[in-house]
Amino acid sequence: MATDIKAPTFPESVAEGTVAAWHKKPGDSVERDELIVEIETDKVVLEVVAPEAGTLTDVMAEEGDTVESEQVLGKIGEGSASGDSGKKEEKSSDDAGKSEKQSGDQKDEKQDEKKSSGGGKQHDVKAPSFPESIQEGTVATWHKKVGEAVKRDEVLADIETDKVVLEVVAPADGALAEIKAEEGSQVESEAILATFTEGGGSDVASATDEKPAASADNGESDEKIGDKIVAPAARKLIAEHDLDVAKIEGTGKGGRVLKEDVQKAVKDGSAKKVAKSSSAPAKAAAPAAEGERAEKRVPMTRLRQTIAKRLVQAQQTAAMLTTYNEVDMTEIMALRAQYKDTFQKAHDIKLGFMGFFVKAASEALKRFPDVNASIDGTDIVYHGYQDIGVAVSTDRGLVVPVLRDTDSMKIADVERTIVDFGKRGRDGKLGMDDMIGGTFTITNGGTFGSLMSTPIINPPQTAILGMHKIQDRPMAINGKVEIRPMMYLALSYDHRMIDGKDAVRFLVTIKELLEDPARLLLDV
């Protein structure tokens, strides 16, 4: 009896998905709970596993087809048909097919002999499966060179998408035999990036050195410039930086100039071309005395492109307003000074200010559900939980990982998670799950010295809180002038969803909770 393979039950906010990849073909044997097919939705990639052991008999939804929740994708029959089908195909094949098979077997034998003498089984290194919302990525960095020995699951390359940096790892112990997508190349989901050979790296390295013309440059051949042999990737860099090839020392076989040699020359500045001049050397040096007017053009990273697109989109689609207030940080700073050492000993993390702001925002969001809602077309989605995004600055741009269920988190949990987000963000290790969702966002421009700013809403959220620099200012306290540590707060909100009255009251609530931290503990 055949067993149906069904799509997973999609969340309420996901209407349909796309069949991304079948990992089995009709006739293949499958084990129970073995991955058969992947379904991409607009948020995540869902894996579909075999409900029973048997043989995949029918595929009813091809790759690229759109499917709904719990739709039948295929069927599994009893037994293992792969071996029988192979025999039937052999019996039904004609003489021409047999001769082709024999010749193919001979070729395979020769290739196996070659592999056994040269390094082992070969694999295609592919880009990860991108979610439906990501069309392509950029090869950011190759961490390994052709021929360099690597261990299984060691990182080979980083793929930068408009949301996260994805790692590509080695499928086995061995070495890269050929790189097919150089750094900076645009690649699609599951595109072949390189060829990987199992076994030691020394054999692969020698093989690639013997054939430099076809190594890692998409079939392009080396070119002789002057008396130097230059690899294609190196040639591209030389042209981009306008370098003098004669001044670059090649470290490849036979003095071949490699990409790494050019990168070193760029860093050292040792291969710049000398400006031509028909006059005396003194005159040639004169322009340098006036100061260089250098320009550098680099492509915008995918993350930066997405940030720009979303910021413009937010301003064009939301009726965005900003309300301001200020908070007296005296009590928070006194509490922090009193308990920071004890807190660090107890939780092995420093006590900062973000924990207080996240907890205050969580409480305020419960009191004002409109601020915690989002707009989906003509619908309003009220969230019965508080997932707060925290803006983290990285070298690649601003990312917003999300703290989940902040109402139930302790201040120590908040501080620890934010520190982890910051570290992984700078290392490019944040995953897609870290940044999906979020009902509200907090950004802290005060860490960079900002006294006041207008934060931009992070769609589809309807509000964002901006923190700023703490600065001593004279304040009137009970009829007397006192110097107090003050911070300006800014709440940008979507007026389509949030009325001005509620926005002001929400910000005042955060101010009151922070100025009297005991209210956070007493829930008053």
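None of the figures in this text is laboratory data; all of them are computed from the coordinates on show. Not measured: the values here are computed from a predicted model. FYI the Cβ positions are ideal-geometry reconstructions off the backbone, even for glycines, and counts take in every protein chain you see.
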Efficiency of FRET from Cβ geometry, K429 and S270, R₀ 30 Å, rounded to 0.05: 0.30
FRET efficiency, 1/(1 + (r/R0)^6) with R0 25 Å, evaluated for T301 and Q263 via beta carbons: 0.85
Given backbone amide H placed at 1.01 Å from N, residues whose amide H is under 5 Å from that of K121, ignoring those fewer than 5 places away on the same chain, are E198
Under 20 Å from a point placed 7 Å out from the Cα of I192 along the Cα-to-Cβ direction: which residues of the stretch 156-180 have their backbone N that close? 156-159, 168-180
Let a ≥ b ≥ c be the square roots of the eigenvalues of the Cα gyration tensor of the stretch 3-83; is it rounded (a/c under 1.5), or, if not, prolate (a/b larger than b/c) or oblate? prolate
Out-of-range pairs (alpha-carbon distance over 25 Å; input K126/K309; K228/K264; K126/K247): K126/K309; K126/K247
Each label point is 7 Å from the Cα along the Cα-to-Cβ direction; what then is the distance between the points at E154 and E47, in nm? 2.5
Please work out how much length the chain gains when fully extended from L451 to T378, using 0.36 nm per residue of separation minus the C-alpha to C-alpha distance, in nm with one decimal. 22.6 nm
What residue among L156, A175, V139 has its Cα farthest toward the positive end of the dipole of the stretch 122-178, where the charges are +1 on Lys, Arg and -1 on Asp, Glu, each on the Cβ? A175
Per DSSP, loop chymotrypsin sites (Phe, Trp or Tyr not before Pro) in the stretch 349-396 with at most 11 further Cβ within 10 Å: Y382
Estimated inter-spin distance, E326 and M60, nm [label 7 Å along Cα→Cβ]: 6.8
Rounded if a/c is under 1.5, else prolate if a/b beats b/c, else oblate: with a ≥ b ≥ c from the C-alpha gyration tensor eigenvalues square-rooted, which is the stretch 351-451? prolate
So if R0 is 60 Å, what FRET efficiency would S408 and H123 give, r being the distance between their Cβ atoms, rounded to the nearest 0.05? 0.85
Local charge sum around E70 (other residues, Cβ-Cβ under 11 Å, Lys/Arg +1, Asp/Glu -1)? -1
Candidates per trypsin sites (Lys or Arg not before Pro) in the stretch 390-438, loop by DSSP, up to 12 other Cβ within 10 Å: K410
Treat each spin label as a single point 7 Å out from the Cα along the C-beta direction, and report the E31 to A518 distance in nm. 6.2
Assuming a ≥ b ≥ c are the square roots of the Cα gyration tensor eigenvalues, decide whether the stretch 427-524 counts as rounded (a/c under 1.5), prolate (otherwise, with a/b larger than b/c) or oblate. prolate
